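Scroll down for the structure; my scribbles are underneath it.
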Amino acid sequence: MCAERTIEPALFGVIIPPNSSHCGLRLSAIQIPERCALLGILRQERIIPISDNPSVYVGDVVLAIALHPMLVPALNVALKRSHPVYYSLNNCLLKTPVTQKCCRLF
């Protein structure tokens, strides 16, 4: 007898953080593992399908499917790719004012 391969699809969503490497990219430009697919974006209670090829913004939920639950961790890593340092044009976490006298060298 032939053993049938069982498909156990896993659907999930990943929220795009401010330091995501995918911000500003089109959904079709995001590289994901084989046997996985992007379905679209959930943005402000609106579902935007992959066929519209939307750009990804902070706070978007990227909707994805993996054909087997074992592929979910690899897909999660691909979708959660981020810049190593949080940055923003409006604020910079690297600036820390010196307010105490004990911190001065002279």
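Each value in this text was obtained by applying a stated rule to the coordinates, not by laboratory testing. Everything numeric here is computed off the predicted structure, so don't read it as measured data. Methodologically, a virtual Cβ is constructed for each residue, glycine included, from the backbone with ideal geometry; neighbour enumeration extends over all protein chains shown.
The table that follows gives values for the structure above.
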read-out: Separation in nanometres of the label points that stand 7 Å from Cα toward Cβ, at residue 37 and residue 11; value: 1.3
read-out: Theoretical gain in end-to-end length, residue 29 to residue 52 [0.36 nm per residue, Cα-Cα removed]; value: 7.0 nm
read-out: Shape of the range 1-81, Cα gyration tensor, a/c cut at 1.5; value: prolate
read-out: Point-to-point label distance, residue 67-residue 82, nm (Cα→Cβ direction, 7 Å offset); value: 3.1
